[in-house]
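Structure first, commentary second.
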Amino acid sequence: MEYSDKILALMKQKGITAYRAAKDTGITASQFSKWRKNPTSRITSENLAKMAEYLGCPVDVLVGKSILKVKRLCPGAKLPRRATPGSAGLDLSAAIDAPVEVRHGEVAKIPTGIAIQLDPGYVCLVFGRSGLAVKQGVAPVNAVGVVDSDYRGELTVFLTCHKEQGYTVRPGERIAQMVILPVAMAEPVEVEELDETLRGEGGFGSTGAE
């Protein structure tokens, strides 16, 4: 999506007409018309900054860099971070004052000390960390946690240990990772028939081994 597409989409979402935006920002109405007819038309950095301020969003959002609003709920909480620039997941850390033991077959509640704000149409999925799961047998008890876009409470990870010796989580340790994904908000509609496919009602193993 081009810058202009994002500007026009946000305007539509907020119910702002081109005439009103032009009047409020000082950007000519003809410029909005150009953006609508040709999404790749040039946008000056000045106009980009004006529209970002007018629409109440960071310039980063308009240039394609999405942001995640994070609120610290306690002083020692660590913000989510990527281990490498290409990591899909953002690591979540334990916001605890003292070590917490995760016993075999039991559940330990580990707070992260943060809350997040997702945009509508997105979901946050909380997964275990590969190294912690493989080496120590520690993973979220529900396998994958689901954080909805309208949730504003603290992110909490419920861990269990699959190894007999258990595991001790240290303060500030990375305990899980979250991945932000778009989600289709499909509304269930009852129908008499479903479209036919080659697979049909074939379930597990129905396509063969090769």
Show me the ranking of peptides 76-85, 184-193, 136-145 by mean Cβ neighbours inside 10 Å, starting with the highest.
136-145, 76-85, 184-193
Let me spell out the model: positive unit charges on the Cβ of Lys and Arg, negative unit charges on the Cβ of Asp and Glu, origin at the Cα centre of the stretch 56-210. What dipole size does that give, in debye rounded to 20?
1380
When the expected Rg is taken as 2.2 N^0.38 Å, what fraction or multiple of it is the alpha-carbon Rg of the chain?
1.39
Roughly how far apart, in whole Å, are the Cα centres of the stretch 53-125 and the stretch 1-52?
32
Dipole in debye (nearest 20) - the stretch 120-210, about Cα centre, beta carbon charges: Lys, Arg +1; Asp, Glu -1
1100
Gain upon complete extension [residue 183, residue 34; 0.36 nm per residue less C-alpha separation]:
50.5 nm
Tell me the per residue accessible area of the stretch 23-93 using a 1.4 Å probe; a whole number in Å² is fine.
65
Provide the three semi-axes, in whole Å and in decreasing order, of the ellipsoid equivalent to the stretch 56-149 as defined by the square roots of 5 times the Cα gyration tensor eigenvalues.
27, 16, 13
Rounded to the nearest whole Å², what accessible area per residue is found for the stretch 130-173 with the 1.4 Å probe?
57
Quick one: pull the percent of accessible area on the stretch 99-210 belonging to carbon and sulfur, 1.4 Å probe, ligands and nucleic acids left out.
52
Can you send over the carbon and sulfur percentage of the accessible area for the stretch 1-42, probe radius 1.4 Å, protein chains only?
50
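The values are calculated or read from the model by the stated rules, or taken from the named source; none is laboratory data. Because the structure is a prediction, the values reported are computed rather than measured. Note that we place each Cβ from the backbone using ideal geometry, even for glycine, and neighbour counts take in every protein chain shown. Ligands, DNA and RNA are stripped out before the accessible areas are found, and what is left, the full protein with its side chains, is counted by its heavy atoms. Shrake-Rupley method; radii C 1.70, N 1.55, O 1.52, S 1.80 Å.
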